[in-house]
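Have a look at the structure below before the remarks.
The values are calculated or read from the model by the stated rules, or taken from the named source; none is laboratory data. Small disclaimer: the values here were computed from a predicted structure and weren't measured. Methodologically, a virtual Cβ is constructed for each residue, glycine included, from the backbone with ideal geometry; neighbour enumeration extends over all protein chains shown. Note: accessible area is taken over every heavy atom of the protein model, side chains too, but ligands, DNA and RNA are not part of it. Shrake-Rupley method; radii C 1.70, N 1.55, O 1.52, S 1.80 Å.
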Amino acid sequence: MPTTPTRLLLKQVLIDSVKITLRNKQTFLSIFALTTLPLSLLLFSLSLSSHPLKSHVFHLESLASQAPTRFEARQVWKESRDDAVSLFRIKLLYFLPSFLFSLTASVTAVTATSLAYHGRSPNLLRSSLAAVKSSWSRPFATSVCIYALLVAYALVPPTLAAAVFASSGSRFFIRIIGSGLEIYLMAVMGLGLVVSILEERYGWEAIRVGSGLMAGKRLCGWVLSGSFVTVTAVIARKLEDVMDGQDLMEQSSTGTMTRVVVGIEEKFGWVILYGLVVLWGYVVTSVFYCECRKHHLIVSNENENDTV
């Protein structure tokens with residue numbers, strides 16, 4: 001069976017995603033309100049509350065590198081380490097609720113989309129939330145593998161650019177290639193996460209199966225992944241605009257709370273948009289998985305008939 005052209009597959013995936021969402025508005029609005037919107041609020045709050053401390057750490061590191069004596073440099077580095085520990089504690093405080101919302105959002109959205117794709121009516125309580133209880137361990141294990149792979153890969157392009165290529169143009173080229181490969185990895189891992197939710201697979205096996213399902217459709221997966229990366233990058237830039245001009249040295253709890261509240265009020269529309277983008281990403285990736293799985297089954301059946 002010939003491979004479906006990328007443009008047609010993209011069109012089919014997007015049309016099916018829209019149809020599924022519109023036909024099950026109540027279910028997906030509930031998933032959005034209970035999972036991806038709180039997740040978006042948490043992530044925006046984390047960025048707004050940690051940005052001054054992060055900027056202060058970078059400022060201290062710059063001062064330490066220019067300190068005239070080792071004694072002064074050690075003092076600055078000590079203050080920088082103390083702030084870095086505080087920054088780590090803030091991120092740790094946000095990590096658990098953010099991860100729980102993310103895990104719940106992925107399982108509920110993927111399950112609802114899969115049911116709707118196959119002609120069944122998803123229900124938030126009877127199907128989606130029940131799936132969280134029965135299958136949370138598989139996407140949990142897969143998420144750990146995805147995080148480890150992304151952290152490991154993030155070190156590759158800058159290390160390669162710094163160690164091998166001397167010119168700035170060559171380094172820029174390596175970073176562009178590295179970004180393209182990272183987008184592809186995100187597409188594979190997104191499909192692997194869906195596999196771990198809908199099939200009895202988890203961890204590296206789920207990612208391997210997701211990669212296999214993308215055979216012949218890798219460009220489509222890359223385009224979809226790149227589109228979501230672009231949209232989230234725009235939202236992140238808007239968040240940076242909120243933080244520009246703030247008092248970066250203000251680290252009191254009252255100042256932090258005020259900054260978070262004001263920042264979210266100013267960009268609440270972007271908070272909502274980010275939550276919708278996260279939900280839409282799960283829907284589209286799930287439909288893409290269903291299309292890949294359908295094509296895979298058709299090819300397998302044709303190969304069996306040819307053998308007979």
* Residue count for the range 186-221, restricted to those that are within 20 Å of ALA131 (Cβ to Cβ) and of a type in the set (Gly, Ala, Ser) -> 6
* **Pair list, Cβ under 8 Å, 6 or more apart: the range 93-120 residue among the basic types (Lys, Arg), other residue open to solvent by 40 Å² or more (accessible area, probe 1.4 Å) and part of a helix (DSSP H, G or I)** => none
* Asked: For the subset of the range 110-130 comprising residues that are at pLDDT 80 or above, among the small types (Gly, Ala, Ser) and open to solvent by less than 30 Å² (accessible area, probe 1.4 Å), which member is nearest to LEU34 (Cα to Cα)?
  -> ALA112
* Restricting attention to the range 245-281, which residues are open to solvent by 30 Å² or more (accessible area, probe 1.4 Å), touching a Ser or Thr at 6+ places or on another chain (Cβ under 6 Å) and at pLDDT 60 or above? -> TYR274
* Asked: In the range 151-181, which residues are at pLDDT 85 or above and closer than 23 Å to THR104 by Cα?
  -> none
* To do: Scan the range 1-23 and give yes if some residue there is under 30 Å from GLY216 (Cβ atoms), modelled with pLDDT under 70 and open to solvent by less than 100 Å² (accessible area, probe 1.4 Å), otherwise no.
  => yes
